[in-house]
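The values are calculated or read from the model by the stated rules, or taken from the named source; none is laboratory data. Owing to the predicted nature of the structure, the values given are computational and were not obtained by experimental measurement. Here the Cβ positions follow ideal geometry from the backbone for every residue, glycine too, while neighbour counts run over all protein chains shown.
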Ligand SMILES: [Fe+2]
Ligand SMILES: [Fe+2]
């Protein structure tokens, strides 16, 4: 019998054919989203371990974080690739990726419901100004709060790396994460994240 493909970062093989279909679409059509998902899952795993989540919980956390932007596969190329800032209509369209991702992941049989919740709520903000449901504080599912931090941290690293030497990238990203505490992030989770040593975070910082 053919061995199942192990494609999730640090996890066991996704057994559902539908999962592999979407993972392959991400990899083939949007390599940047695929590699971003991989790094976000890795950062989330480090934070989850700091929270002493069980291996089963970590596996579901990684899966949700890896797939968090899967809905972007359905976005028009013109929006994803646009170098200039998006206009209001384009921004609203892009925001639909959270709901589309939820629909995609909810349609895959056998996945833990926490995975779809992570995908849906990864753009919710601690102060209630995020999307799609404007959830606030601890109403936001824990894994989605973790994903928000890991997602933002990866974007910060990529952005900072463009204009900063590699030794200072992590320092600057840590500082920006702290600044976002009051509005965007769960401060307790950020504290745990900032305790992760540089040598572990730096693996993914380029
Ligand atoms: Fe997203
Ligand atoms: Fe993302």
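Numerical summary
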| quantity | calculated |
| --- | --- |
| Output for region 10-58, where each listed residue is under 18 Å from the mean Cα position of the chain (by Cα), part of a loop (DSSP other than H, G, I, E, B) and either at pLDDT 95 or above or within 16 Å of ligand 1 (Cβ to nearest atom) (or both) | 30, 51, 53 |
| Residue count, region 140-195 (criterion: under 14 Å from the mean Cα position of the chain (by Cα), farther than 22 Å from residue 34 by Cα and within 16 Å of ligand 1 (Cβ to nearest atom)) | 2 |
| Test: residue 84 is outside any helix (DSSP H, G or I) and closer than 22 Å to residue 141 by Cα | no |
| Matching entry among 154, 102 (being touching a helix residue (DSSP H, G or I) at 6+ places or on another chain (Cβ under 8 Å), in contact (Cβ under 8 Å) with a residue 40 or more places away in the chain and within 16 Å of ligand 2 (Cβ to nearest atom)) | 154 |
